[in-house]
1. Is it true that some residue in segment 174-195 is of a type in the set (S, T, N, Q), more than 21 Å from Pro236 (Cβ to Cβ) and touching a residue at least 24 places away in the same chain (Cβ under 8 Å)?
2. Could you say whether any residue in segment 69-81 is buried (at least 18 other Cβ atoms within 10 Å of the Cβ) and assigned to a strand (DSSP E or B)?
3. Hey, can you tell me all the residues within segment 14-39 that are part of a loop (DSSP other than H, G, I, E, B) and farther than 18 Å from Asp66 by Cα?
4. Looking at (1) over 30 Å from Ser6 (Cβ atoms); (2) touching an Asp or Glu at 6+ places or on another chain (Cβ under 9 Å); (3) of a type in the set (A, V, I, L, M, F, W, C); (4) surrounded by fewer than 18 Cβ atoms within 10 Å (Cβ to Cβ), which one does Met135 not meet, given that it meets all the others?
5. Scan segment 138-192 for residues that are farther than 17 Å from Lys24 by Cα and in contact with a Lys or Arg (Cβ under 7 Å, 6 or more places away or on another chain) and report the count.
Amino acid sequence: MDLPRSFTIRESSHRILDPYTPEKLATLGAAIGLRPGASVLDLCCGKGEMLATWARDHAITGTGVDISTVFLAAARKRAAELGVADQVTFVHGDASTHVAAEPVDVAACVGATWIGQGVAGTVRLLERSLRPGGMILIGEPFWRAEPPSQEAIEACHARTREDHETLPGLVTLFDGLGYDVVEMVLADEDSWDRYVAAQWLNIRTWLDANPNDELAPEMRAELSREPLRYTRFQRPLLGWGVFAIMKR
């Protein structure tokens, strides 16, 4: 059980595996009022940057769950670097079925709502680990503008227009699930660039070092295709943010 190698190649230099800068991540931690000792569950935690930096900055404890052994190794290394290895734990497993052993103060899925087959299912999954009165964090893309074509939709990693909501549509969705939106911190074009454009150098560096690898043709095609798709469609059309919600 692991991620395909293409993911680890594409995001090899990244600490945050979403269109978020360290400053955005710090803003989110401050905005939601984390208190010392608060417990956080992060499903699809990636390289663990959220838990590790929040453990350092806010003295939280946490558990991260991810399917990638490469990302989890990076998460454990990062926690050790920041001196918080005794505050956070990283578990190799299927986040789509994970429920915390004890209810947590904050349950998060940031940028991976496919584990619940969408936002609604992911909220229901996170509810199973949340204490009464706790907070859920959902990271999710949204349409900033109407996609002009099927080509544009697919360039934004969707199959149909309905795969993403608009920003008001997301807020309406949370409301319909019985939740108040109590905070949000949104990506901007610079944070999108730092996430997506950085992948291109990672791919090129890997291709230069591994020209005969069986994945080389696939990664070469991606590097030839994606910069134009991103600048033409994804950058102007697609937003992203983390939304803090609490049950009414």
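Any read-out appearing in this document is the output of simple, stated calculations on the displayed coordinates, not a laboratory observation. No experiment lies behind these values; they were computed from the predicted model shown. Glycine also receives a Cβ, built like all others from the backbone with ideal geometry; neighbour counts cover every protein chain displayed.
1. No, every residue in segment 174-195 fails to be of a type in the set (S, T, N, Q), more than 21 Å from Pro236 (Cβ to Cβ) and touching a residue at least 24 places away in the same chain (Cβ under 8 Å).
2. Within segment 69-81, none of the residues are buried (at least 18 other Cβ atoms within 10 Å of the Cβ) and assigned to a strand (DSSP E or B).
3. Pro19, Tyr20, Thr21, Ile32, Gly33, Leu34, Arg35, Pro36, Gly37, Ala38
4. That leaves (4) as the condition not met.
5. 6
Each row is one residue, and each column tells you yes or no for (1) touching an Asp or Glu at 6+ places or on another chain (Cβ under 8 Å); (2) within 30 Å of Leu223 (Cβ to Cβ); (3) touching a residue at least 24 places away in the same chain (Cβ under 8 Å).
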| position | (1), (2), (3) |
| --- | --- |
| Pro4 | no, yes, no |
| Ile9 | no, yes, yes |
| Asp18 | no, yes, yes |
| Ser39 | yes, no, yes |
| Asp66 | no, yes, yes |
| Thr69 | yes, yes, yes |
| Ala80 | no, no, no |
| Phe90 | yes, no, yes |
